[in-house]
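Below is one structure, written out as structure tokens, with a few remarks after it.
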Amino acid sequence: MYCMFQVDEEQKLMTLTSNAVQHPSFPETGDYVRVSEYTSQMMIRPHKSFDDHGFDYVMSYYDNPHLYVPSWAINKMTVQRKLILCGSKKVLL
């Protein structure tokens, strides 16, 4: 996996990007599923500064393992989310 990050101190924002790569030391074998299509992006914003505790983040992720997964297994692994009202804020569970 290749990972790159950028920090914008002025905007207080860090961006991490990861992509799948091929590596000659780890050739594909039939023993494992190799995910050749993978990418993720994460944006991190600290509450105060990067040196303090606490931050918010958003992550976007995609992969394609090129294998069949039965719908019952997908349904079992999928998180069912609910939007609730907590005080004056909406919270996604």
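The values are calculated or read from the model by the stated rules, or taken from the named source; none is laboratory data. Treat the numbers as computed from the prediction; the structure is a model and nothing was measured. Because the Cβ atoms are built from the backbone with ideal geometry, glycine has one as well, and the counts that use them run over all protein chains shown. Accessible surface areas use protein heavy atoms only, side chains included; no ligands, DNA or RNA. Shrake-Rupley method; radii C 1.70, N 1.55, O 1.52, S 1.80 Å.
Quick check: net charge around residue 49, other residues with Cβ under 15 Å of its Cβ, Lys/Arg +1 and Asp/Glu -1?
-3
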Loop-resident trypsin sites (Lys or Arg not before Pro) in the stretch 1-63 with no more than 11 other Cβ atoms inside 10 Å, DSSP not H/G/I/E/B, are 48
extent check for the stretch 1-69: Cα max minus min per principal axis, descending, whole Å, gives 48, 29, 17
In order over the stretch 42-50: 3J(HN,Hα) from phi, Karplus 6.51/-1.76/1.60, θ = phi - 60°, whole Hz, x for each Gly or Pro, gives 10, 10, 10, 10, x, 5, 10, 8, 5
Probe 1.4 Å, heavy atoms of protein chains only: per residue, the accessible area of the stretch 1-42 in Å² is 81
